[in-house]
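What follows draws every value from the coordinates through simple rules; no lab data is involved. Remember, predicted model here, so these are calculated numbers, not experimental data. Please note: Cβ atoms are built from the backbone with ideal geometry, for glycine as well, and neighbour counts cover all protein chains shown.
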């Protein structure tokens, strides 16, 4: 561990040293009869507490793998935020939420999150100085609320720790240790942008002041950060739906109005045409797709990437205040308070306005048509039969924006004391903390349905030359008719002002409670002191999410939803005992056993009891063997339990699609789709012809990208009705088992070399999860689970497209992750031209699997989607007097992803007969590995400043493209590019000045 500040502690090993991305520390216990130990009689022990243990002691031997990232390590990286830094650790996976998915409008969008072991961000517990930070009502903790200017170091414990910390510590714990005993002032500045693109500018500016003396300390820090967004059309992999390699594939409907004509076909306005003239329309031109799958003519489809974000824009403001006051030699008071403000903006392009997409719980606003009496209806003309028209038009004049404004206020205060009973020393803490999140999601670019109905209704040309709503003699005051079928630019400002409405979603959460604990030595054994810790805590957790009234009542084109509100309380008691069993014996320099236990009572689901057992054994001075086994749990979040039912438009692939779905190679799916199953209709060619759909589905059933328009790529969104999602008050907590076995080797014959190898195994049961559309459809058509077949509808009136699918939360089967962490470091002997250090950190997964339900197949995901088998970082650092340099390689191993279409030779499909355990034959393609190179040079100036110039992704490498899933499997993005990969070469300048 770092900065233990006591002479009785000695360093056994550092698995990674300063100048790397982090280092793993293991602290060796001192012998009981060490004559150099200080005399603590009559004064309090200067104890420490390591992450992963409740015990505070001068003699601590770490039985769990903890990676420590120092403030200096952070300075030597090109990442400005804690979230960016942690997401590049090898033990973390692609976070649940990224800043690269503008279609996501959830309340957590815009934040940065950490996902240890790929188990999900809600299963990674975030602490500040060993205390809970608190989370949103969905269970997510935004790392952007922690400014880097206050960080002394960060401990990352990639092992289960529920017995020590309670709920959420299934995948591990990230403990941010703030600066203590800081004297003087410090200014931090950071500026960078992507080059040669010249975008994505990021600036960070912070000031820190502190004073420390024998009576106490005070620390204040303020930080401001701005991250400019990146437009999708600025990168080749996001400028088109299927990247620049296939620029015409997968495009959407255009910005020229279209309508369903009397023959059932679709008429599209000509370029420069008059939308009121029926002769200025042509029959919809579908994209032309060659035999190899490449679209050679886009037809009437449209690319709107210039109105979509690749990276959202973020502004953050942070303030932090902490203090300590020594009331006496044995008693001190402490507090800290923080305020954080985070504004995030993403752009999604204009609303795809169409009669079929207008859905509402209010019947008169469902599937609004362009009135036959509208002045702008081309059939409302001489020689025509006025007809209500089903229309479609992409509203490019008003791009949609999602703005998430969030504030976080938290504080904690408490007392810490010491006392002595005979020869036994004890320390105690009594603390209270309170964390609150409040925020508003503002969505611009939606329409108010009552006004839209008026604007599409009857209208006429008045005598004053203006078009007015209503009929002569019955004018609708204030209404502005909509030229619904106009070409680009035809939706005027006055038209949009009348129908557009911003929508709001107010949300918040609260977590608070007291905690008391005590720790000390209770017994002297031949091998050392027996240390114990015990404590109790109470937490109150609550949250809410309230959409605006119009959206709740179904009066806007925004996703409608019902309010979320709820909470629960938890009382916990916990204890830990550490027993030294052997010491200074042959093959047993030390042997220690540690047992921790926690009992929790939740007001909503009852009791849970979790234990953890740890062992550390030093057979020789150079080797430490460590192991742990523990049970864990995660309580459902407020959103999991009480989430109101809301509408959503998620991406999915219809398995019955004969071109892109599972039916093309899975015989069971093909049979169930053709014949119907679980109450769902038959989708055979005969059934489709009987329903009058034979002309559209000439080769068999296909998923649509718009009414009457089959998709031209895998994946799509609901066309006729949105899907719905909601919470489940009957959810049970998740449970887990975690195991860890490893060693630390620091040979005396090779000074400066350290090696750690740790095997880990996690298994989480009763996994709390939304059942995704793909899971529902797979369960219905591949596994014939009738319950899932009842979660959606198909009807001939909706072209048998999936409609109204419900994605409820439920307790599912299990997920499991197994693998190894291998960390090596070597500080070379000092040369006349400087000091060199080599650091390697790697994580290798041997298993990544899940089972949705009991008695269903176990699916292996290892090396598929975003589940890399190997992630590795290698750093070479050099220091010479006041100069230094670092070079880091970040490696992502190859992946497999589903083929875009095995019949399309233009798209990669290198493993057409791949057998995926738990799924069966699934055509896959091999996605290559990628390595990003980072470099930095830095100089310590004579005036106390440190100047660093660096580049992340020096060679401007692009990660591999992925086409098979429509949107990237396992990565929160709507592009064929993984959100974990770099967006280009990022050049930065960092300056730190101390006074």
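Can you sort 867, 695, 459, 832 so the residue with the fewest Cβ neighbours within 10 Å comes first?
On the way: 867 20, 695 11, 459 27, 832 5.
The order, fewest Cβ neighbours first, is 832, 695, 867, 459.
Highest mean first, how do 476-482, 172-178, 128-134, 940-946 rank when packing is the count of other Cβ atoms within 10 Å averaged over residues? Could the numbers behind the result be given before it?
Values: 476-482: 18.0, 172-178: 24.6, 128-134: 21.4, 940-946: 12.0.
Going by the mean number of other Cβ atoms within 10 Å, highest first, we get 172-178, 128-134, 476-482, 940-946.
Neighbour counts of other C-beta atoms within 10 Å: give me 152, 621 arranged from fewest to most.
Ordered from fewest to most neighbouring Cβ atoms within 10 Å, 152, 621 come out as 621, 152.
Please report the spacing between the Cα centers of the range 221-270 and the range 140-177 in Å, no decimals.
39 Å
Just the Cα atoms of the range 565-710: what Rg and Dmax do they give in Å?
Taking only Cα atoms of the range 565-710, I get Rg and Dmax of 29.7, 86 Å.
Show that you can apply the helix-only estimate: for the chain, add -39,500 (n - 2.57) for every DSSP H stretch of four or more residues, divide by all residues, and state [θ] at 222 nm to the nearest 500. Before the final figure, lay out each step's value.
On the way: 11 runs with 66 residues, N = 995.
Counting only the DSSP helices, I get -1500 deg cm²/dmol.
Any idea what the relative contact order of the chain is, in percent, if you count C-alpha pairs under 8 Å spaced at least 6 apart? Spell out each step's value before the answer.
Values: 2840 pairs, mean separation 109.6, N = 995.
Relative contact order here is 11 percent.
Give the distance, in whole Å, between the Cα centre of the range 743-805 and the Cα centre of the range 86-116.
17 Å
Could you tell me what % of all Cα pairs in the range 485-631 have separations over 18 Å? Before the final figure, lay out the partial values.
On the way: 7994 of 10731 pairs.
Of all Cα-Cα distances in the range 485-631, 74 percent exceed 18 Å.
Quick one: in the range 174-289, what % of C-alpha pairs are over 21 Å apart?
Working: 4565 of 6670 pairs.
When all Cα pairs of the range 174-289 are counted, 68 percent exceed 21 Å.
If packing is taken as the average number of other Cβ atoms within 10 Å across a peptide's residues, how do 223-229, 603-609, 558-564 rank, most packed first? Please report the intermediate quantities before stating the final value.
Working: 223-229: 19.3, 603-609: 14.1, 558-564: 21.0.
Peptide ranking by packing, descending: 558-564, 223-229, 603-609.
Defining a contact as two alpha carbons under 8 Å apart and six or more residues distant in sequence, what relative contact order in percent does the range 119-269 show? Don't skip to the end; give the middle numbers.
On the way: 252 pairs, mean separation 23.5, N = 151.
Reported as a whole number, the value is 16 percent.
Tell me, 146, 266 in order of fewest to most beta-carbon neighbours within 10 Å?
Values: 146 27, 266 24.
Listing 146, 266 from fewest to most nearby Cβ atoms yields 266, 146.
For the range 864-995, treating each Cα as an identical point scatterer without solvent, what Debye log10 I(q)/I(0) comes out at q = 0.11, 0.15, 0.20 1/Å?
-0.54, -0.78, -1.11
From the gyration tensor of the Cα coordinates in the range 75-186, what semi-axes in whole Å does the equivalent ellipsoid have, largest first, with each one equal to sqrt(5λ)?
After diagonalising the Cα gyration tensor, the semi-axes are 22, 18, 13 Å.
If Rh is defined by the Kirkwood formula over all Cα pairs and Rg also comes from Cα, what ratio Rg/Rh do you get for the range 889-952?
Working: Rg = 21.9 Å, Rh = 15.4 Å.
Computed over Cα atoms, the ratio is 1.42.
Taking Rh as the Kirkwood radius, which is the inverse of the mean 1/r over Cα pairs, what is the Rg/Rh value for the chain?
Working: Rg = 30.8 Å, Rh = 30.6 Å.
With Rg and the Kirkwood Rh in hand, the quotient comes to 1.01.
Considering only the chain, what is the antiparallel percent among its DSSP beta bridges, to the nearest 5?
Numbers: 348 of 358 bridges.
Antiparallel bridges make up about 95 percent of those DSSP assigns within the chain.
Across the range 421-523, what fraction of all alpha-carbon pairs, as a whole percent, falls in each successive 5 Å bin from zero upward?
2, 9, 13, 12, 9, 6, 5, 5, 5, 4, 4, 4, 4, 4, 4, 4, 3, 2, 1, 1, 0
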